[in-house]
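Enquirer: I'd like to ask some things about the structure below.
Just so it is clear, none of the values below were taken in a lab; they were calculated from the coordinates. A quick note: this is a predicted structure, and the numbers were derived from the prediction, not measured. We place every Cβ from the backbone using ideal geometry, glycine too, and count neighbours over all the protein chains shown.
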Amino acid sequence: MKRQLLYYSLVLFITFSACKRDASTDKQLPEEKEIKQFIQVKNKENIRIEDQQIDDYLNRRNWIFQKTKTGIRYQFYRKGGGLQPQIGQVVELEYSLQLIRGEEIFDSKKDGLLTFTVDKEDVPAGLNEFVKMMHVGDKAKLIVPSYLGYGATGDDDKIPPRATLIYDLELKQVKL
């Protein structure tokens, strides 16, 4: 009986000792809240830098674009009068896509029209947001910051990480 009591006491001691936190170790590990705050600060800084780069790009070309609350820059250069797409409708766009540094990525003349369901398919959030502002027949130039494009990872093909995208769009059709 004494032996069993000694054995259980030893097991309990080891168990509690293993669970005991070392205060010096805890001080070395950053808190989850601090990590989140750090990421938020860095994201805001990256957005500010990219925003300034887009403004500089527009200023060098003397382009006057409007800006959405989310940071998309756009300019309509031909107004249509057709239907305006709604969530869940299929749209067809004639388009070209280039990186802000000038490299052309896609062009519907070579690659075919871009067809997708508004807010239901995996296209950049900035494109989904803007297409809902268009009417059939509209032509526009659109600058999408990376956080509304392909983000920090790119598309693992032609679009690199943190790429600012420039679209030239014409809304050809809204399918009901």
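Enquirer: In terms of Cα to Cα distance under 28 Å, which lysines are near enough to LYS172, apart from those fewer than 8 places away along the same chain?
Expert: LYS172 reaches LYS67, LYS69, LYS79, LYS109, LYS110, LYS120, LYS132, LYS139, LYS141, LYS158.
Enquirer: Place the peptides 97-109, 51-63, 116-128 in order of packing, highest mean first, counting for every residue the other Cβ atoms within 10 Å and averaging per peptide.
Expert: 116-128, 97-109, 51-63
Enquirer: What is the sum of charges, Lys and Arg at +1 and Asp and Glu at -1, for the other residues whose Cβ falls under 9 Å from the Cβ of LYS79?
Expert: Spelling it out: positives minus negatives among the neighbours equals +1.
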